[in-house]
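Student: Handing you a structure now.
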Amino acid sequence: MSASLVTRRTLAGLLAAGALIGAAAVPAAADDHRRDRDHRGQHASSLVIGDVENAGRGRDNRALNSEWVEVKNTGRHSVQLRGFTLTDKQGNRYRFNDFRLEGRSSVKVHTGHGRDTHRDVYQDRRHQIWDERDTATLRDNRGNILDTESWGRRGHHHHSH
């Protein structure tokens with residue numbers, strides 16, 4: 001008797017869980033659509049600043065290229081980054097050229113010299129720009145701030161997710 005009761009209760013639990021999962025899937029899809037457009041009717045950005053590596057010490061190109069800021073595309077669609085900028089607190093600015101960032105992928109913006117690829121682009125600078133305490137700001141081609149990332153208050157950067 002008790003065994004069948006347990007089985008029935010487990011089944012009811014599974015069915016309830018299934019119903020919850022089913023219910024949750026519908027608003028999420030509708031929500032996703034809303035999140036793509038912000039209240040002004042423009043597309044909200046899927047671009048965010050990802051990891052930051054400012055460990056590069058020294059003036060040689062290898063050290064400068066071990067210093068980078070990652071720009072991530074969290075959306076499904078590719079984004080043309082031409083004219084988008086990445087700036088530090090001092091106002092040093094990197095402007096993207098004709099660069100298409102695929103959906104769900106990222107590009108590292110290195111400080112030093114190198115050949116741009118679809119995963120890595122280079123600012124072609126001779127000096128470090130990212131300090132131990134700094135803020136990276138990503139703007140679109142109209143100057144709207146898409147994301148900022150600060151680090152260094154406690155010795156290493158933190159994420160604002």
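The values are calculated or read from the model by the stated rules, or taken from the named source; none is laboratory data. Nothing here was measured: the structure is a model prediction, and the numbers come from that model. Reconstructed Cβ throughout: ideal geometry from the backbone, glycine too, with neighbour counts over all protein chains shown. When the accessible area is computed, the model is the full protein with side chains, heavy atoms only, and any ligands, DNA or RNA have been set aside. Shrake-Rupley method; radii C 1.70, N 1.55, O 1.52, S 1.80 Å.
Student: Can you give me the Rg/Rh ratio for segment 76-123, using Cα atoms for both radii and the Kirkwood formula for Rh?
Tutor: 0.97
Student: Let me ask something else about it. Please list, in chain and number order, the residues 5+ apart from ASP51 or on another chain whose amide H is under 5 Å from its amide H, with Hs placed from the backbone.
Tutor: GLU70
Student: Something else now. Going from the alpha-carbon gyration tensor of segment 60-145, what semi-axes, largest first and in whole Å, does one get by taking the root of 5 times each eigenvalue?
Tutor: Numbers: eigenvalues 85, 46, 25 Å².
Output for segment 60-145: semi-axes of 21, 15, 11 Å.
Student: Which residues' amide hydrogens lie under 5 Å from the amide hydrogen of LEU146, considering only partners 5 or more residues apart or on another chain, with H built in the peptide plane?
Tutor: LEU138, ARG139, ASP140
Student: Let me ask you something else. If you count, for each residue, the other Cβ atoms within 10 Å and average over each peptide, how do 81-93, 62-74 line up from highest to lowest?
Tutor: Output ranking for 81-93, 62-74: 62-74, 81-93.
Student: Same structure again: Whole number in Å², please: accessible area per residue of segment 113-152, 1.4 Å probe, ligands, DNA and RNA not counted.
Tutor: 59
Student: Decide, for segment 50-99, between rounded, prolate and oblate: order the square roots of the alpha carbon gyration tensor eigenvalues as a ≥ b ≥ c, take rounded if a/c falls under 1.5, and otherwise choose prolate if a/b is larger than b/c, else oblate.
Tutor: Note, shape of segment 50-99 comes out prolate.
Student: List the residues, sorted by chain then number, that are 5 or more residues from THR111 or on another chain and whose placed amide H is less than 5 Å from its amide H.
Tutor: Correct list: GLU67, GLN123.
Student: Here's a follow-up. Among 100-107, 45-52, 112-119, how do they line up by average Cβ neighbours within 10 Å per residue, starting with the highest?
Tutor: Ranked by mean Cβ neighbours within 10 Å, highest first: 45-52, 100-107, 112-119.
Student: Rounded to the nearest 0.05, what FRET efficiency is calculated for ASP98 and HIS127 with R0 set to 30 Å and r the Cβ-Cβ distance?
Tutor: Taking R0 as 30 Å, the efficiency between ASP98 and HIS127 is 0.70.
Student: R0 = 45 Å: FRET efficiency of ARG76 with SER150, Cβ-based, nearest 0.05?
Tutor: Plugging the Cβ-Cβ distance into 1/(1 + (r/R0)^6) gives 0.95.
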